[in-house]
């Protein structure tokens, strides 16, 4: 449990102002704290109905070289892009990736996401690469923009479970759209303990996809509908009722 003396919640007109107040209270730099935005606040109409922004800032027990360097690199990259956005450390260590998690937010932060998150993945790659060069470590840094990664992860998990149910019900494999390595990993993890299906990756490079297959090809889960067979062998099936595998 965090020491209450190292954690503070502050409110202000904007998130940035609330963070600055907390940093002064804790006598810390941004790279030395975790920042959780509890509320972005709202301005209201004619000064009525407005709410202040609120943040929780926790000072880390010890300095971390990877966090400090990654924070500097991320700030520099944002400055070079000319995007009006600011990065804060959300977690010192991600339970999934194992490295620190940064969240970037601001008026222009949407420009950093790109089509299907392509720009964001490039930004994350650059931060990891440049940090590894300076530290001789593999940092596994996660960079999020306005919570996009978190929302995308939840969406992929829900998609994986829905597809798994469909595969179990029909006994037919389903191939998902091409995904980045971190997104494929989310699908694999979401279905790792599913007793009805197995997952595998296929393809090369950007075209690599996840295939969700029945654990026992041609069979269905007891609660599902039986698969329909046309007598013809499909490419994603090892065989059919009329054409058993040799």
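The values are calculated or read from the model by the stated rules, or taken from the named source; none is laboratory data. Remember, it's a predicted structure, so these values are computed and weren't measured experimentally. Neighbour counts run over all protein chains shown; Cβ positions are idealised from the backbone, glycine included.
Of these, 60, 21, 38, which one is surrounded by 13 or more Cβ atoms within 10 Å (Cβ to Cβ) and modelled with pLDDT under 80? Testing whether each residue is surrounded by 13 or more Cβ atoms within 10 Å (Cβ to Cβ) and modelled with pLDDT under 80 leaves just 60.
Every condition in (1) assigned by TED's automatic domain parsing to the domain that holds residue 77; (2) surrounded by 17 or more Cβ atoms within 10 Å (Cβ to Cβ) is met by residue 135 except one, and the failing one is (2). Residue count for the stretch 91-101 satisfying the condition of being part of a strand (DSSP E or B) and surrounded by fewer than 14 Cβ atoms within 10 Å (Cβ to Cβ): 0.
Whenever a residue of the stretch 186-197 is closer than 12 Å to residue 176 by Cβ and assigned by TED's automatic domain parsing to the domain that holds residue 163, its partners that are surrounded by fewer than 21 Cβ atoms within 10 Å (Cβ to Cβ) and modelled with pLDDT under 90, lying with C-beta atoms within less than 6 angstrom and at least six residues away or across chains, give the pairs 186/153.
Residues in the stretch 195-221 that are surrounded by 16 or more Cβ atoms within 10 Å (Cβ to Cβ) and modelled with pLDDT of 85 or more: 196, 197, 198, 199, 210, 211, 212, 213, 214. Could you please give the count of residues in the stretch 92-106 that are under 24 Å from residue 14 (Cα atoms) and either modelled with pLDDT of 85 or more or in contact with a helix residue (DSSP H, G or I) (Cβ under 6 Å, 6 or more places away or on another chain) (or both)? Of the residues in the stretch 92-106, 5 are under 24 Å from residue 14 (Cα atoms) and either modelled with pLDDT of 85 or more or in contact with a helix residue (DSSP H, G or I) (Cβ under 6 Å, 6 or more places away or on another chain) (or both). Just to be sure, is residue 115 within 18 Å of the chain's Cα centre (by Cα), at pLDDT 90 or above and surrounded by fewer than 17 Cβ atoms within 10 Å (Cβ to Cβ)? For residue 115, the condition - within 18 Å of the chain's Cα centre (by Cα), at pLDDT 90 or above and surrounded by fewer than 17 Cβ atoms within 10 Å (Cβ to Cβ) - is not met.
Filtering 89, 120 for residues that are within 16 Å of the chain's Cα centre (by Cα), under 23 Å from residue 22 (Cα atoms) and either at pLDDT below 90 or outside the structural domain of residue 210 (by TED's automatic domain parsing) (or both) leaves a single hit, 89. Restricting the search to the stretch 199-208, which residues are assigned to a strand (DSSP E or B) and farther than 10 Å from residue 187 by Cβ? Answer for the stretch 199-208, where residues must be assigned to a strand (DSSP E or B) and farther than 10 Å from residue 187 by Cβ: 200, 202. When residue 155 is tested against (1) loosely packed, with under 15 Cβ neighbours inside 10 Å; (2) assigned by TED's automatic domain parsing to the domain that holds residue 95; (3) within 26 Å of residue 15 (Cβ to Cβ), just one condition goes unmet, and that condition is (2). Here residue 168 fulfils each of the conditions (1) outside any helix (DSSP H, G or I); (2) surrounded by 14 or more Cβ atoms within 10 Å (Cβ to Cβ) apart from (1). Looking across 83, 88, 104, 127, one residue alone is surrounded by 14 or more Cβ atoms within 10 Å (Cβ to Cβ) and assigned to a loop (DSSP other than H, G, I, E, B). It is 83. Residues in the stretch 178-195 that are farther than 13 Å from residue 157 by Cα and in contact with a strand residue (DSSP E or B) (Cβ under 7 Å, 6 or more places away or on another chain): 178, 179. When the test is whether a residue is touching a residue at least 60 places away in the same chain (Cβ under 8 Å) and either outside any helix (DSSP H, G or I) or loosely packed, with under 14 Cβ neighbours inside 10 Å (or both), residue 143 passes it.
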